[in-house]
Amino acid sequence: MPSLRRGIEFLFGQTNEQRLRKLLPIVEEVNGWAERVARLSDPELRAKTDEFRARLSSGETADDLLPEAFACVREAAARTIGLRPFDVQVMGAIVLHGRRIAEMKTGEGKTLVATMPAYLNALVGKVHIVTVNDYLARRDRNWMGPVYEFMGLAVGLLQEDTPPDERRAAYACDVLYGTNAQFGFDYLRDHMVASRSQMVQGPLDYAIVDEIDNILIDEARTPLIISGPTADTARQYREFARLAKLFKPGEDFEVNEEQRRLSLTEAGWAKAEQILKFDNIADPRATTARYHLETALRARTFFHRDQQYIVKDGRVIIVDEFTGRLMPDRRYSGGLHQAIEAKENLPIQRENQTLAQITLQHYFRLYRGLAGMTGTAKTEEEEFKQIYGLDVVQIPTNRPLIREALPDVIYRTKKGKFEAVADEVERLHKEGRPVLIGTTSIEDSEDLSRLLKKRGLSHQVLNAKYHEKEAHIIAQAGRAGAITIATNMAGRGTDIVLGGNPESRARAEADPEAEPERFRELVERYRAEAEAERERIVTDAHDPAYLKAALARIREWCAEVGRPFRPEEWEGGIKRGGLAVLGFQRHEARRIDDQLAGRAGRQGDPGSSQFFLSLEDDLLRIFGGERLATLMAKLGVKEGEAITHDLLTRSIRRAQKRVEERNFEIRKRLLEYDEIMAKQREAVYALRERFLLPDPGETPDDEALRAHLREMVTEYGEILVDRFAPGPSPEAWDLRALERELGQVCADPPRDLSPRRREELGEAVGDLLRSQLDQQWTRLAPHFPMVARIVLLRTMDENWRQHLLELDEVREGIGLRAYGGTDPLVEFKREAHRLFQEMVLRAEEEALRFLLNPRLSVRAEPAGGRGAPPPVALAQSGGSTSTTAGRDVVRSAPRRPAGEGKVGRNDPCPCGSGKKYKHCHGR
Ligand code: ADP
Ligand code: MG
């Protein structure tokens, strides 16, 4: 048999069926260990972990250990939490270990699947398991924790409110559960600290991302941002909001709804020039005004209250268009959020300055190993492959999937559709079937709710606001007679069990920790009830067409799992009924529809899904709705009537595919922009890491620092010579200015740099600066290295923030320049590169002007930080700048460049006290 590793590598670039076939022998191997592992006592099983570690250090690889290790986890899971992974779950686990995406339907038990690769990979590094919200992280950690602990591994949990010290401890665990945002923010924060001991995260070895399509595709456009407030620009936004009302669509500007873009017409330009009093709107001075105007128009044209956003407590809150979920912590960028606030006449939140940012894609690309799982990945296979190098493997279900996918029904008007859905809910409810209605907007769910209420149908409405509470409701959505309206993300990750989830029901009445007896009793009682309910919801199927279709699906399943198909085995047991899923709209992405439909028919249960559409739905309105409308009018379809036809369903799928492709292009494009910033970010982070302050007990590498400073100084010398003595001919030189400049940073400034050959000049300046560096180093010993680190970190961080702001501006400006026919990306790349170079040089110059300054003095201060490096105060030009080493160095970076050594009287004091300078150190 070829080695397992070769077996795993072999899987790339093959059809799903071929990939699956390769997995089977490995599953057999895992099964082959079952008996031996089952005979082990608990302590013997636990001891396997040490044995594996020893074998790994003597040359075996994780791949070699896989079958035995997975068998051990399987056994441990059975002994601790009573779940023994099925073969298909082992298949999924092998895929995750192979750094790929396992597509496994809802309810297949992905949480348990993750334990196997997590255990194996935790033997060689740190494992992060990434969930979509805090509630799921907590649930999964508590649920699966015993498995790892039984095997002797430490499991941690990361929550939004976890304090830094506990975070560090969490990251020290072998396996850590947390959300994408928490992991991402910790990465950013770790690169804003002053010394290594303040970092929390540790190595990014291996991550398993649950619901990976949601994180890498739906959330792809929303970066994680750490920000702070900037100047006040509220008036401007109000003014432009007022102006925007004077511009008419179609006349003053043209709208491209499909691409969400608008452009001013000739008439529009003229109007803008007149109102804004610019001779020519193309005037670069008018760029800001022009940008503000277009933003204000976009806010009016494409962003509608209760669709793209809601207004609550005087704030504009974004509604995620994919999921209908509220995103109170996010703001539109580029001034759009303020423009909407101005349009709505709300207080305008101060614009924030980005201090650090990263997109989730870039964060997850930092992991040495990345794997993912979800119920829906196949439709975006190309994107996963191209952008993340991740293959998708579709794992067969544990039991055949017999859900009925009914054809779409299309109504002429939205109103007709509402009534039809309500009728259908009523009909299904009478049959006793649980009904789940999926919407994409909060508005729709509320309208539908009102309609159902009028008909006396009691129901629950969920919009992904209260993850934990909604998870419990969703867990009961499978009970007989339950009606649940939910937006896409509501309760994602929670299983809908027919008859209801007995444990979740019991938990609502008894705390399993505090009252274990009562809890168990309740679970027993509800389990029996759920069984009885299930009987009522599920009925024997008699419809021959249904039986035929179900058998066809079972035959497919048998082929997938490599099992002989014998119809007589199944015929008697085929059921109908179960959870009915009604889609209130076809979403832009087929994947989101599939997620919803996949709520029904879990683990071989019967169930059905059907989508209700109207010509007024966005998807149809934008894509080919007109042709359909004419057709329906010709056919004489009335408001309450519907048409349904396979052809229509297919053409809608085609329209969706087009939107998906377009969105992929947009994401790819955005990614290319982000790529540029990511490279720069990595360079800056790597640089600042060299300047981190030493932790207590750590001996800093001062020699390396000195070598680095010498290089910087040499470069600085070259810059000065270039600046003041450009070109070979001395006529163009300004040696007096060069002397003055050097006088600022040298104890013994040159009295006369008489003209000589340029190389000689360069050398003389270089020597001078290097000797000044040596003087400072000696004069301020032993403090100089520490001072240098503080100053370098501070100037680097300050300039990097400034640079982020500039990049934003350039990106916006370039979007406008795209009219000129140049490729905006190429333009952006060039500009970003130039700005970056400038930024690095500027930061270095600032730092050196400070550090070489002959008047720089250092005095030790008595105050001590909590385990922080010894505090020093820097004084320059009369002691105006002082700072304490430690975390605050970065946080309290003065707004002005350190090198200037002066602070305005009304500026915040650079000591970080938060007081004005004149009231603090300026007194
Ligand atoms: P998914 O994330 O794939 O939707 P979950 O991890 O939430 O699924 O699990 C769904 C349900 O399946 C849970 O109720 C869980 O207890 C059950 N389950 C998972 N694996 C097994 C197993 N091997 N044996 C029995 N039940 C299982
Ligand atoms: Mg899940």
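Read the figures in this text as sums done on the coordinates, not as results from a lab. Predicted model, so just to flag it, every value in this text is computed and none were measured. Heads up, the Cβs are rebuilt from the backbone with ideal geometry, glycines too, and the neighbour counts pull from every protein chain shown.
Structure values in brief
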{"item": "Counted charge near Met151, where neighbours are those whose Cβ lies closer than 13 Å (Asp, Glu -1; Lys, Arg +1)", "result": "-3"}
{"item": "Overall form of segment 664-806 per C-alpha gyration tensor (a/c, 1.5; a/b vs b/c)", "result": "oblate"}
{"item": "Net length gained if the chain between Asp767 and Glu682 were fully extended (0.36 nm per residue, minus Cα distance)", "result": "27.4 nm"}
{"item": "Karplus-derived HN-Hα couplings along segment 594-599 (A = 6.51, B = -1.76, C = 1.60, θ = phi - 60°), whole Hz, x at Gly and Pro", "result": "5, 4, 5, 4, x, 5"}
{"item": "Shape category assigned to segment 434-505 from the gyration tensor of Cα positions, a/c cut at 1.5", "result": "oblate"}
{"item": "Dipole axis of segment 587-652 (+1 Lys, Arg; -1 Asp, Glu on Cβ), positive-most option in Pro606, Ala642, Ala589", "result": "Pro606"}
{"item": "Residue-by-residue Karplus 3J(HN,Hα) for segment 667-680, coefficients 6.51, -1.76, 1.60, Hz, glycine and proline x", "result": "5, 5, 4, 4, 4, 5, 5, 4, 3, 5, 5, 4, 4, 5"}
{"item": "Signed unit charges on C-beta, dipole axis of the chain, positive-most listed residue Pro824, His128, Gly369", "result": "Pro824"}
{"item": "Dipole moment magnitude, nearest 20 debye, segment 513-600 about Cα centre, only Lys, Arg, Asp, Glu C-beta charged", "result": "440"}
{"item": "Under 5 Å, built H, 5+ apart or other chain: amide partners of Phe253", "result": "Lys248, Thr265"}
{"item": "Highest-first arrangement of 438-447, 45-54, 598-607, where packing means the average Cβ count within 10 Å", "result": "598-607, 438-447, 45-54"}
{"item": "Point-to-point label distance, Lys277-Leu805, nm (Cα→Cβ direction, 7 Å offset)", "result": "2.7"}
{"item": "Proximal charge balance of Leu346 [Cβ under 14 Å; K/R count +1, D/E count -1]", "result": "+4"}
{"item": "Long-range HN-HN contacts of Gly372 with modeled amide H, under 5 Å", "result": "Arg100, Ile101, Ala102, Val209"}
{"item": "Flagged links, alpha-carbon separation over 27 Å, of Lys248/Lys638; Lys277/Lys343; Lys385/Lys657; Lys48/Lys110; Lys126/Lys668", "result": "Lys248/Lys638; Lys126/Lys668"}
{"item": "In degrees, nearest ten, helix 42-57 long axis to first principal axis of the chain (Cα)", "result": "40"}
{"item": "Cα gyration tensor, segment 1-140 - rounded (a/c under 1.5), prolate or oblate", "result": "rounded"}
{"item": "log₁₀ of I(q)/I(0) at q = 0.09 Å⁻¹ - the chain, Debye sum with one point per alpha carbon", "result": "-1.10"}
{"item": "Rounded Å value of the spacing that divides the Cα centres of segment 462-508 and segment 528-561", "result": "23"}
{"item": "Gain upon complete extension [Arg330, Asp702; 0.36 nm per residue less C-alpha separation]", "result": "129.7 nm"}
{"item": "R0 of 45 Å, Cβ-Cβ distance Glu28-Arg527: FRET efficiency to nearest 0.05", "result": "0.85"}
{"item": "Potential extension, Asn345-Ser41 segment - 0.36 nm per residue separation minus Cα distance", "result": "102.5 nm"}
{"item": "Ordering of 83-92, 66-75, 234-243, 652-661 by burial proxy (mean other Cβ atoms within 10 Å per residue, highest first)", "result": "66-75, 83-92, 234-243, 652-661"}
{"item": "Nearest-ten-degree value, helix 544-561 long axis tilted from longest Cα axis of the chain", "result": "50"}
{"item": "Beta bridges per DSSP with both ends in the chain, % antiparallel, nearest 5", "result": "35"}
{"item": "11 Å beta-carbon shell around Pro117, net charge (K/R +1, D/E -1)", "result": "+2"}
{"item": "The chain: calculated mean residue ellipticity at 222 nm from DSSP helix runs of at least 4, using -39500 (n - 2.57)", "result": "-16500 deg cm²/dmol"}
{"item": "Burial order of peptide ranges 590-597, 463-470 (average beta-carbon count within 10 Å, highest first)", "result": "590-597, 463-470"}
